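The values are calculated or read from the model by the stated rules, or taken from the named source; none is laboratory data. Please read these numbers as outputs of a predicted model, since none were measured by experiment. Every residue, glycine as well, gets a Cβ built from its backbone with ideal geometry; the counts of neighbours run over all protein chains shown. Just so you know, the surface numbers come from the protein's heavy atoms only, side chains and all, with ligands and any DNA or RNA stripped out. Shrake-Rupley method; radii C 1.70, N 1.55, O 1.52, S 1.80 Å.
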Amino acid sequence: MDAYCWLKRLPAGLLVLIISWHTQAIAATTIVVSSEQTRYDLNEVSGYWHTSKSLNLRDILALSPSFQPVHHASDLHFGYTQSDVWLKTRIHNESPLPTTWMVKFEYPFLDHVTLHTLRQYSSDVQHSGSAVPIDERSIAHRQAVFPLMLAGGETVTLYTQVNAKGSKFLSYSLMTPEAFYTQNDRHNFWLATYFGMLLALSIYNLLLFFGLKERVFLYYALFAFGFTLAILTFNGIGTLMFWSFLGDNTARLVAIGFTFASTMGTLFAQSFLNTAIYCPRWHQTITLFRGYCYLALMAVIFLPIQPALRLMDITGFAASLLMLVCGIYCSWRRVPSARIFVLAWSIFLLGAAVFALRNLSILPANFITLHGIQIGSAIEMLLLSFALAARFNKLKWQKERAQAETVAMLKKQEAILEAKVAARTQALEKLANHDMLTGLLNRNGLARCAEAALKRCKQTHTPLVLVMCDLDCFKPINDQYGHEVGDFVLQQVAKRLVHVARESDHCARFGGDEFILLLEGVSDPSALEEMRNRIEQAVCSPIKLPCGSLVSVGVSIGMSSSHENNNTLASLLREADSQMYAVKSRQTTRYYGCGSA
């Protein structure tokens, strides 16, 4: 960017002062950067200065304040302060070629971050921060990130103004774009995994509540929801994706989320540990504390943002300590599931306590204190998911046990009744569809099988062949040997027909000495003729009677095949019957005098 308009309008004396100051700045301590290194820590090469006034870069240059040197990254942890913090850093590009860098602040919960880049004859300004709308940020990112372009051999001075209602942790670094985006992808992966787990646990426990009507699952879902809302905003992802329109109220959403989570955490602890039964005094204590949590929740909505954030820290730390002590007491009293509750809650509360104490400047700022609440909550969510799964299994076991005796009795009676019904149904079905003498299908069974077979043949476009067999010379055997022998002959003929037929074919006794075969998938005339010959050979073979005598019967066979105009059982029977009688009339002489072999 070219020189600011205000720089052109500056008095000549002040302009000379700025140029002289810039010349001195180059000679002062400067961090030298080159493309051979991908990341530079700017903390210990920077200076900081507090001011309770709202100043701009012109005011800073005119005042020329004394910036305090930074000896350690912890020097840039200022906790809750009302004043703005200005950072000053000088950077020299060692390369003769232009280079591009990214200035990144590690702590995402900074309301307004303004970066001024002062060059030899010009200056430019960039804005970012959690309270800045997305379209006004220099880069749409969850953290304050600024691109910095350096000409070959150029030296610039960075002035960064930070305004934040929350705790200020101003560690920042200089990175190449490639290193920045690589690190960003890795961080986004872990954040997506973390928030995906929180969301899944919230929805899962909410569904369990709707299914089981157990309030412990609802309280945990609400606790996870409040915590997710707060941590999503705190990490900058919420403002980046959903509610950047909140502006300066973004920090208030963090206070509301964490205070709401503390409130729901007390309800969850009471329900999970069943303190009303096992620890009545602790139950009353937590109930009174929850009253305070409700008041704190109302207060963080209406108080100024910084007092609201301080109240959030105090409430969260007190709730953590109270529920940890309650869990330890319940574990000592051997309350069911208390030990895993203490383990899970202790890890989470340790992270929450570290988070609160770091915000209050009691603990130093580092990776553990900065991300402790996320690390603790991730482990806590996993452990409590196991505890809730055990709770779910216990509830399920209790309900099953309560129903076991009744179900066992009902099952016993049901089994007896089902056995009787099954036997009776099987007997009735056999009577309804099978011939009692031969075991073949009767007319009713034949009608059912034919209806199903015709549907199948219509779908496969293949004919259904009906074979009608009428025994010849059967009446003389019946008259000579009696009906019992006649029945025996019919049984033997039925067995032979079943043996001749394929597994997919259906055999039926149509009445008296008439038998029916249904053949599917047979359309070749030679195959039908072969079937006719096999039936004649099987039926006409001598039959040995129980008395030792041999008798023979003949058979007249008529066949019909289904087609477009012949696709019902009745029409198939008529055609086969007509053919069978034609055959019988031709065979009268052939079987004249048949009977005993």
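Data overview
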{"read-out": "Accessible area of the range 388-493 divided out per residue, in Å², using a probe of 1.4 angstrom", "value": "66 Å²"}
{"read-out": "Residue-span extension gain [GLN480 to TRP397] - 0.36 nm each, minus C-alpha spacing", "value": "22.4 nm"}
{"read-out": "Solvent-accessible heavy-atom area per residue, rounded to whole Å², over the range 260-351 at 1.4 Å", "value": "47 Å²"}
{"read-out": "The range 47-147 shape via C-alpha gyration tensor axes, a/c threshold 1.5", "value": "rounded"}
{"read-out": "Pair GLU536, VAL498: separation of 7 Å Cα→Cβ label points (nm)", "value": "2.6 nm"}
{"read-out": "Inter-label distance, nm, simple model (7 Å from Cα along the C-beta direction), ALA408/ARG586", "value": "7.4 nm"}
{"read-out": "Calculated from backbone phi, Karplus (6.51, -1.76, 1.60) coupling profile of the range 319-324 in Hz, x at Gly/Pro", "value": "5, 4, 5, 4, 6, 5"}
{"read-out": "3J(HN,Hα) from dihedral phi, the range 265-276, Karplus parametrisation 6.51/-1.76/1.60, rounded to Hz, x for glycine, proline", "value": "x, 5, 5, 5, 4, 4, 6, 5, 8, 6, 5, 4"}
{"read-out": "Linear extension gain, ASN566 paired with ILE31, 0.36 nm per residue minus alpha-carbon span", "value": "182.6 nm"}
{"read-out": "Euclidean distance between Cα centres, the range 223-284 to the range 517-587, Å", "value": "85 Å"}
{"read-out": "In nm, spacing of pseudo-spin labels at THR193 and PHE67 (7 Å Cα→C-beta vector)", "value": "3.8 nm"}
{"read-out": "The range 165-311, accessible surface, carbon-and-sulfur percent (1.4 angstrom probe)", "value": "71 percent"}
{"read-out": "Estimated FRET transfer efficiency when R0 is 25 angstrom, pair ARG456-LEU431 (beta carbons, to 0.05)", "value": "0.45"}
{"read-out": "Cut-off 15 Å (backbone N to label point 7 Å along Cα→Cβ of PHE386), residues of the range 320-341", "value": "337-341"}
